[in-house]
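One structure below.
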Amino acid sequence: PPPPPRYSPAGATDSSPSVLFASVYDCDAGWPNPSADELRAADAYGFHAYALSNPDGYGTFGNNGISNDDIPLPCSDADSKEIPYARTIIDTIPSTSAIYTSGFSQNAMMAYYYHACFDRVSGTNQGGSGLALHGVDPTPPGGQVECTFSSAEQHGVPACKVEEPCDECMYWPAKPVGPLKTCLQTYTNDFLFGTDLNMFQTASVPGNDVRRLVFSPSAGVAGGHGWSQDNYDWMVSCLDIVPDCSDTCEADIASCLASADPGGVRQCLEDTASCADADGLLCALSKESLSSAEAAEISVYGTPWVSSDDPVDPTPDEDEDEAEDEAEDGPVEATEIAWTAGFSDASARLATALVGADVIFTWSGGHNVYSMAGAAEYESCSFAGGVDLGGSSPVTWAVPDDAVAGDVYYFGCEVGSHCGAGQKVAITIVDGADGEDGDEDEEDPVDPSPDDEEDEQPDETEDVVGDDEGSAASSRVAIAALSAATLSLLSIA
């Protein structure tokens, strides 16, 4: 018989958290190696560790690898044998135990797939990969998101991309549909670096918490396609699996890490009495302490990643009050266009501008701005008769002096298939009186190419995640419309 899939450390109860470690290459596997890093982490932090394999040692993802806006979550039992198999294990976990998933590379994709498909999963820890997007490098070695699984098996990779490309494939393993809580860990020299950025940007929509950790190779750390040095210590902090450490513990750890031979984060934690509870279980270090051991560039969307001892200001932001006062005083002359927001938010393809105002297009990555000849060209993404306004952010376009209220001007990105993917905007001119009265009585501008996704988009304040240098994917990925009230980007040296 196979070894049991669950390992429970001493003292663990039905209320202790459970972490499911994806293992797509194993058949009915348990924990044959009692010294595995996963089990050492379970002993240290007190969570149940599950080896989540599959019935035949060959992991398969849903719907023959096809996920798109019409079929975002191929999660039925008929879609993949992984779903009923995982359910048999998840159903044995007490309802009082919070469930998380974790995996590396292909197993990271499977860990996210479980999170997307099962409401009981509270978060996922992905190492060495994140989300593959159609037409965006890097492409996974199995040809996923460019080919169906059956096509890759029949023709091989990369031949399947020519012989039988998958035009229906948009996301792999599945479109990020919330609520999600995801922690991404990747080195800059990983051959799949960029898929983590795909996940961060695509999943950064209201209701989700997304945290991206980018590590660089350094002296003694080769990086590449591998976990970070303290991956599971990052995991429990990033996903809030166990309680935060106290200020005393944080100070003691700083002293330990600064010593001549600290032995690493986990060793310092285990050697520091102030970092363990009455049962000897460790707490979750802050991102600052973890980053002092191995530096990470951290991006956060959604709930701020702060320790329990960090002060929270309950008063409203003075800047917000000032902005409201300015809005009451009169309209802002310039119209700012988040130029990549239209990839995922149909409402971002409509805008207004005042007579005599400037329109400012901003973005990161490889894009340009063309003014388009008219509505027909806008609808078909034809740049015939268009004018290149520039390819370096920001690009400023001045509303013509002879423009009158009701005039509509059209713009698109001419790079690749960006326009067809939604990187375009129709701007309707309004006069000053309309601007001062607000938008309540103003008719919405008409988009000549209605988008079925429009109803699916959240009604939130829009913003755009900033640049991430060094990523090949950053120039072409669809950036989700973000809530400015919840976005926090942190960089830690």
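The values are calculated or read from the model by the stated rules, or taken from the named source; none is laboratory data. Nothing here was measured: the structure is a model prediction, and the numbers come from that model. Note that we place each Cβ from the backbone using ideal geometry, even for glycine, and neighbour counts take in every protein chain shown. Ligands, DNA and RNA are excluded from the accessible area calculation, which covers all protein heavy atoms including side chains. Shrake-Rupley method; radii C 1.70, N 1.55, O 1.52, S 1.80 Å.
Some values worked out for this structure:
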{"quantity": "Rg in Å to one decimal, and Dmax rounded to a whole Å, for region 8-72 via C-alpha atoms", "calculated": "15.4, 46"}
{"quantity": "Two-decimal log10 I(q)/I(0) for region 227-305, as the Debye equation yields it once each C-alpha is a single scatterer, q = 0.13, 0.17, 0.18 Å⁻¹", "calculated": "-0.36, -0.62, -0.70"}
{"quantity": "Listed residues 250, 270, 153 arranged by accessible area, highest first, probe 1.4 Å", "calculated": "153, 270, 250"}
{"quantity": "Integer Hz, Karplus 6.51/-1.76/1.60 couplings in order for region 76-81, x for Gly and Pro", "calculated": "7, 4, 6, 6, 7, 5"}
{"quantity": "Contact order normalised by residue count of region 113-248, Cα under 8 Å, 6+ apart, percent", "calculated": "28"}
{"quantity": "Karplus-derived 3J(HN,Hα), 6.51/-1.76/1.60, for each residue of region 45-61, Hz, glycine and proline x", "calculated": "10, x, 9, 6, 10, 10, 8, 9, 9, 7, x, 9, x, 9, x, 10, 9"}
{"quantity": "Cα pair distances exceeding 23 angstrom across region 86-202, given as percent", "calculated": "33"}
{"quantity": "Pairwise label distance in nanometres, residue 36 with residue 358, each label 7 Å out on the Cα-Cβ vector", "calculated": "5.8"}
{"quantity": "Local net charge near residue 54, Cβ-Cβ under 13 Å (Lys/Arg +1, Asp/Glu -1)", "calculated": "-2"}
{"quantity": "Region 331-392 - Rg (one decimal) and Dmax (whole number), Cα, Å", "calculated": "12.4, 34"}
{"quantity": "Straight-distance crosslink candidates among lysines, where the alpha carbon sits under 20 Å from residue 181 and sequence neighbours closer than 8 are dropped", "calculated": "287"}
{"quantity": "Check: region 329-414 dipole with +1 on Lys, Arg Cβ and -1 on Asp, Glu Cβ, in debye", "calculated": "260"}
{"quantity": "Rounded accessible area of residue 244 (nearest 10 Å², 1.4 Å probe)", "calculated": "50"}
{"quantity": "At q = 0.10 Å⁻¹, base-10 log of I(q)/I(0) for region 8-151 (Debye sum, equal scatterers on each alpha carbon)", "calculated": "-0.35"}
{"quantity": "Accessible area (Å², per residue) of region 1-120, counting only protein heavy atoms and a probe of 1.4 Å", "calculated": "40"}
{"quantity": "Backbone N within region 99-113 under 19 Å of label point (7 Å from residue 222 Cα along the Cβ vector)", "calculated": "104-106"}
{"quantity": "Whole-Hz couplings from phi, Karplus 6.51/-1.76/1.60, listed for region 350-361; x for Gly and Pro", "calculated": "10, 8, 10, 9, 6, 4, x, 8, 9, 10, 10, 9"}
